[in-house]
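The values are calculated or read from the model by the stated rules, or taken from the named source; none is laboratory data. Note that this is a predicted model, so its numbers are computed, not measured. All Cβ positions, glycine included, derive from the backbone under ideal geometry; neighbour counts span all protein chains shown. Surface areas here come from the heavy atoms of the whole protein model, side chains and all, with no ligands, DNA or RNA. Shrake-Rupley method; radii C 1.70, N 1.55, O 1.52, S 1.80 Å.
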Amino acid sequence: ASYKYWQQILPNLPKTFRITLGEKIDDLYIKLLENLFIAEYSQKEKRITYIIQSLTYCDLLKAFIQLAWENKQIKDKQFVLLSDKLVEINKMLFGWKQFLEKTPKQ
């Protein structure tokens, strides 16, 4: 839902921003989704690596979206909605990471 919302915002951004930071944000979303998909189907011992990478992508997304907001490229409401969604994703990823760390290795 977060990426879908971002896709509604992206075409309405000023062209110079859309082809710079806008594309970077889009690329990070795609990397995050790709990593989550790979993590879901990975062997248990490899899964944590993808989760940690996903946490990094999520944090980078939050930072770049904040930068877009600070430069008045996205509206306050858009910033809040995107940030809330990313915070939720971050919480789920962190919970998944903690679960994997507690699960005994076989």
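Taken together, the criteria place residue 33 among residues that are open to solvent by 80 Å² or more (accessible area, probe 1.4 Å), of a type in the set (A, V, I, L, M, F, W, C) and within 24 Å of residue 74 (Cβ to Cβ). Within the stretch 53-106, if we keep just the residues that are more than 14 Å from the chain's Cα centre (by Cα), of a type in the set (Phe, Trp, Tyr) and surrounded by 14 or more Cβ atoms within 10 Å (Cβ to Cβ), the residue that is nearest to residue 34 (Cα to Cα) turns out to be 96.
How many residues does the stretch 36-46 contain that are assigned to a helix (DSSP H, G or I) and open to solvent by 90 Å² or more (accessible area, probe 1.4 Å)? Number satisfying all stated conditions: 6. Within the stretch 23-40, no residue that is over 13 Å from residue 52 (Cα atoms) and without any contact (Cβ under 8 Å) to a residue 60 or more places away in the chain sits with its Cβ atom under 8 Å from a residue that is assigned to a helix (DSSP H, G or I) and among the acidic types (Asp, Glu) at 6+ positions apart or across chains. For residue 49, the conditions (1) open to solvent by less than 70 Å² (accessible area, probe 1.4 Å); (2) of a type in the set (Val, Ile, Thr); (3) assigned to a helix (DSSP H, G or I) all hold with the exception of (1).
Residue 13 meets each of the listed conditions (1) over 17 Å from the mean Cα position of the chain (by Cα); (2) open to solvent by 30 Å² or more (accessible area, probe 1.4 Å); (3) touching a residue at least 60 places away in the same chain (Cβ under 8 Å) apart from (2).
Per-residue answers, yes or no, for (1) outside any helix (DSSP H, G or I); (2) within 17 Å of residue 3 (Cα to Cα); (3) not hydroxyl-bearing (Ser, Thr, Tyr):
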site: 53; (1), (2), (3): no, no, yes
site: 64; (1), (2), (3): no, yes, yes
site: 78; (1), (2), (3): no, yes, yes
site: 83; (1), (2), (3): no, yes, no
site: 95; (1), (2), (3): no, no, yes
site: 98; (1), (2), (3): no, no, yes
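For the stretch 2-16, how many residues meet the condition of being within 18 Å of residue 83 (Cβ to Cβ), of a type outside the set (S, T, N, Q) and in a helix (DSSP H, G or I)? The total comes to 6.
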